[in-house]
Each structure stands twice: as C-alpha cells, then as structure tokens.
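**Q** Sharing a structure below in structure tokens format, with a few things to ask.
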C-alpha cells in the first residue's frame, strides 16, 4: 500500500529538493535498491536506511563501510558486522521485508558530551496567514549506544541555547547558528505548504554537522508535543499550544 504524501519521507524530500534554497541543506537521498545502496555506500561511506513511512525513529538502520570489505549495521543499540556489500544488502532486505525504504547520506552530527544531537523545530502560522514563525526549539541528544535521538531510547532533551553552548560547536556564535536554523526551518515550512496548503504547523527535524552546517532530516506534518512536555520549563509548550488555539 502506498504511503500518503503527508507521511511519505521520499515525497516530502522531492518537494523540498526542488527549492533552490533548501537543496543544499538536504542529505543525498534515494529510494533503496541494490544500485542506490551500492552508489551511496561507495560515495559517502556511511548511510542511513529508513522506512518511507516510518515514525518515532522506528525501523532505522545505520550502515558504515569498514576496511577489508566489512560493513557494520546498527539497529537500535545493536551492531553487527557483515562481510561484503551483497551480504549486507541481503541482511537489510530480510529485515525490511516488503516495506518501502530510502537510503540517505549519513551526516556526522555535532555532539554534546561526545553524543550526537539533532533538533526539533516547531514552525506555526495562523489560518489564512502566510507568515510563519518559530515557536519551539529543542535539542535531542542520543542515548548511549544509540544512533536515533528519540527520548524513548535513553535520549536527553535540552533547550537549544544550552545544547549549543555545551556542544562541540561552542566556539561558534549561538545567535548566528540559531538564525541559520530558524531560516532553514521557515523556508522548509513555506516550501512544504505549496503541497500541503491547509497546514498550519510543522515539526522540522534538523541536524548540525561538525562544522555547524544545517541539514534537514524531515518535515513532520503532525509533530508530537512530547518533547516540549518533557522539558522542565514549559514555556515553549504553552507558547505552541496558545498559538495553535488562537487560530
């Protein structure tokens, strides 16, 4: 069964790729096949294999090319080494079954305390308005031994400013980084709305690489508020709720 566009990572990627301002912020991505897996693995050395319609970080595999033709596949907090690309692809195919998947360039994310982190940015607008604003920002630090940053996998939540100050990017201007992050998130929302014109909220998943470059991982049309509920300071959660209720 086809995955509807609003949940379909590949469809949303294609929408965003057509926008000149967003294309440089998108990791290289292709539908998973024998040839695309070979090409992406050879080009980037590390790739992420994820379901087209997956949610909450489920079903994601991280694949690393190692010396001597070995491949390391990580799923959740478990890793396995396999000899050769064919065996690796066969292993993935068996795990995936009939689901549609994409293969994506893996981004070496910035870290907090040697653990990678990414960001969830909430962008909202009022009905019948074209003006988007950022109402929420949270950093998701991966749990020990994991690749995916969801808090259900022992991850940790931090306010963006705190995360940047404690991160491997601490020497860069936090103000400039936040402006870049907000700019990309807002551009992402505007582009997706060309295809989803009734949408009034997005949860944009963003990564920062080790040089501070901004990458778009996904645009969620139905973002969960759990990240903001779990923060000790509920200011952002209340702001997001109030903005949505004031339509």
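**Q** If each residue's Cβ is checked for other Cβ atoms within 10 Å, how do 227, 75 rank with the fewest at the top?
**A** Neighbour counts put them in this order, fewest first: 75, 227.
**Q** Still on this structure, I have one more. How many nm separate the modelled label positions at residue 90 and residue 7, each set 7 Å beyond the Cα in the direction of the Cβ?
**A** The modelled label-to-label distance comes out at 3.3 nm.
**Q** Helix 34-44 sits at what angle to the longest principal axis of the chain, using alpha carbons and giving 0 to 90 degrees rounded to 10?
**A** Helix 34-44 sits roughly 70 degrees off the main axis of the chain.
**Q** Rounding to the nearest 10 and keeping the result within 0 to 90°, find how far the Cα-based axis of helix 235-245 lies from the longest principal axis of the chain.
**A** Compared with the principal axis, the helix lies near 70 degrees.
**Q** Right, next: Work out how much length residue 211 to residue 195 would gain on full extension: take 0.36 nm times their residue separation and subtract the Cα-Cα distance, in nm to one decimal.
**A** Between residue 211 and residue 195, full extension yields an extra 2.6 nm.
**Q** Here's a follow-up. For the stretch 111-245, what's the radius of gyration and Dmax over Cα atoms, in angstrom?
**A** So, for the stretch 111-245, Rg and Dmax equal 14.5, 45 Å respectively.
**Q** Do you know the relative contact order of the chain, to the nearest whole percent, from alpha carbon pairs under 8 angstrom that are 6+ apart?
**A** Relative contact order, the chain: 20 percent.
**Q** For the chain, what is the mean residue ellipticity at 222 nm derived from helices alone (per DSSP H run of n ≥ 4: -39500 (n - 2.57); sum divided by total residues; nearest 500 deg cm²/dmol)?
**A** Helix contribution divided over all residues of the chain: -9000 deg cm²/dmol.
**Q** How high is the FRET efficiency between residue 233 and residue 64 when r is their beta carbon distance and R₀ equals 51 Å, given to the nearest 0.05?
**A** Result of the calculation: an efficiency of 0.90.
**Q** Against the longest principal axis of the chain, how steep is helix 174-193, in degrees 0 to 90 to the nearest 10, with axes from Cα atoms?
**A** With both axes taken from Cα atoms, the answer is about 90 degrees.
**Q** By how many nm would the segment from residue 42 to residue 79 grow when fully extended, if each residue of separation counts as 0.36 nm and the alpha-carbon distance is taken off?
**A** 11.3 nm
**Q** Cut-off is 10 Å between beta-carbons; in what order do 225, 236 appear when sorted fewest neighbours first?
**A** 225, 236
**Q** With only alpha-carbon pairs counted, each pair once and no self-pairs, how large is the Kirkwood hydrodynamic radius of the stretch 27-140 in angstroms?
**A** 15.9 Å
**Q** In what sequence do 238, 166 fall when counting other Cβ within 10 Å, fewest first?
**A** 238, 166
**Q** Report the full-extension gain for the segment residue 133 to residue 28: residue separation times 0.36 nm, less the Cα-Cα distance, to one decimal in nm.
**A** Working it through step by step, the gained length comes to 35.1 nm.
Since every read-out is calculated from the coordinates, none of them should be taken as a lab result. These figures come from a predicted structure and were not determined experimentally. For neighbour counting, all protein chains shown are included, and Cβ atoms are generated from backbone atoms with ideal geometry for every residue, glycine included.
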